[in-house]
1. Among the residues that make up the range 298-311, is at least one of them of a type outside the set (S, T, Y), assigned to a helix (DSSP H, G or I) and surrounded by 13 or more Cβ atoms within 10 Å (Cβ to Cβ)?
2. Return the residues of the range 89-118 that are within 21 Å of L194 (Cβ to Cβ) and at pLDDT 90 or above; say none if nothing qualifies.
3. Just to be sure before I move on: is S134 farther than 20 Å from S86 by Cα, hydroxyl-bearing (S, T, Y) and outside the structural domain of C76 (by TED's automatic domain parsing) in the structure I sent?
4. Consider T182 against the criteria (1) buried (at least 17 other Cβ atoms within 10 Å of the Cβ); (2) outside any helix (DSSP H, G or I); (3) among the β-branched types (V, I, T): it satisfies all of them except one. Which criterion is unmet?
5. Exactly one of (1) modelled with pLDDT of 90 or more; (2) touching a strand residue (DSSP E or B) at 6+ places or on another chain (Cβ under 8 Å); (3) part of a loop (DSSP other than H, G, I, E, B) is unmet by G78. Its number?
6. Just checking, which of G131, G71, G124 is part of a strand (DSSP E or B), crowded, with 16+ Cβ neighbours inside 10 Å and at pLDDT 95 or above?
7. Which of the residues belonging to the range 101-121 are in a helix (DSSP H, G or I), touching a helix residue (DSSP H, G or I) at 6+ places or on another chain (Cβ under 8 Å) and surrounded by fewer than 21 Cβ atoms within 10 Å (Cβ to Cβ)?
Amino acid sequence: MADNEKNIWIGFDLGGTKMLAIAYDDQWKELGRRRRKTRGRDTSDSGAQRIVSTITRLLEENKLDKANLAGIGIGCPGPIDLKKGSILTTPNLGWDDVEIGSLLKKEFGCPVVVLNDVDAGVFGEYQFGSGKGSRCVVGIFPGTGVGGGCVYEGKILQGAGISCMEIGHTRISSSNRASGITMSGTVESESSRLTIAAEAAKAAFRGDAPYLAKKTGTDLTEIRSGAIADAIENGDKSIKKLVEGAAETIGLAVVNIVHILAPDKIILGGGLVEAMESLIVDTVKKTAKANVMSVYKDRFEVVAAKLGDDAGVLGAAAWAKEQIQAVKPSEG
């Protein structure tokens with residue numbers, strides 16, 4: 001079979017700040033990629049059209065034939081209606097009830113599987129990264145929010161027609177700080193990058209983080225993961241304390257997860273972890289091991305994700321391939 005006749009699988013990751021689409025063949029060889037920023041001014045309609053145009057340009061730029069598309073997997077933030085293939089709500093993008101699955105199917109004429117973005121990332125790490133060989137993998141990805149996902153015996157843990165594992169929206173403290181939902185004191189409100197950035201801006205304004213104040217300032221849009229890591233590297237102890245506090249909160253969330261699911265692998269991912277891997281992973285691990293019931297203490301590992309931004313894209317494509325191929329025999 002000629003190269004241009006091979007199956008093409010598209011993985012798409014819709015993050016809080018970026019869109020990333022990658023095309024693969026059946027052996028997961030990369031055929032091309034395209035990245036765009038997610039625009040804060042996008043409505044759900046304009047955002048959905050940007051997803052369509054991103055995939056269209058990916059195909060055109062890499063001379064890939066739309067007719068050879070075998071399927072598209074797209075990971076989206078927030079709860080997902082798995083049957084309709086729609087985004088129910090995205091607190092950090094402001095999109096609600098977006099039927100992205102039917103839109104992509106109509107535009108590209110192939111099966112489409114929609115799943116939560118962290119589910120996709122965890123499945124990617126399970127299949128190709130730091131979760132390989134595990135029985136139960138739970139992922140926690142702190143970023144603009146804090147996402148969670150679980151792969152249990154090879155399958156993404158999902159509800160009846162809806163995604164689950166909204167770890168970021170579980171209550172972890174008595175704080176009155178909120179994070180896009182009514183309930184306060186959640187994992188997300190206490191440990192997301194946005195929360196760390198807000199507290200870091202206060203510290204810089206007060207003079208408690210002189211390097212951050214001089215190098216980056218107090219604009220939240222500029223206090224990203226790299227700037228936070230840079231401030232710690234250059235002696236801003238107050239910023240290091242903020243990150244350690246956030247990591248301790250995630251560590252307590254890990255304790256709850258271990259007591260409920262007993263996963264053998266906890267994977268920490270996202271840009272915040274990538275920028276400060278040792279500090280965050282070590283703090284989460286120390287906190288979890290110190291607080292979990294003794295019988296579970298040596299039954300789980302806390303590790304960093306290996307695949308970076310590609311985890312969600314690979315995972316979305318691989319899950320789509322698995323789901324699409326599983327239903328084909330019954331269609332005949």
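The values are calculated or read from the model by the stated rules, or taken from the named source; none is laboratory data. Given the structure is predicted, the values throughout are model-derived calculations rather than measurements. Using ideal geometry, Cβ is built from the backbone for each residue, glycine included, and neighbour counts are taken over all protein chains shown.
1. Yes, because at least one residue in the range 298-311 is of a type outside the set (S, T, Y), assigned to a helix (DSSP H, G or I) and surrounded by 13 or more Cβ atoms within 10 Å (Cβ to Cβ).
2. Scanning the range 89-118 gives N116, D117, V118.
3. So S134 passes the test.
4. Only one criterion is unmet by T182, namely (1).
5. So G78 meets the others, but not (1).
6. On the way: G131 fails: part of a strand (DSSP E or B); G124 fails: part of a strand (DSSP E or B).
Only one candidate qualifies: G71.
7. Those that are in a helix (DSSP H, G or I), touching a helix residue (DSSP H, G or I) at 6+ places or on another chain (Cβ under 8 Å) and surrounded by fewer than 21 Cβ atoms within 10 Å (Cβ to Cβ): L103, E107, F108.
Condition check ((1) under 24 Å from the mean Cα position of the chain (by Cα); (2) crowded, with 19+ Cβ neighbours inside 10 Å; (3) at pLDDT below 95) across all residues:
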| position | (1), (2), (3) |
| --- | --- |
| I228 | yes, yes, no |
| I260 | yes, no, no |
| D264 | yes, no, no |
| G270 | yes, yes, yes |
| S278 | yes, no, no |
| T283 | yes, yes, no |
| M293 | no, no, no |
| L314 | yes, yes, no |
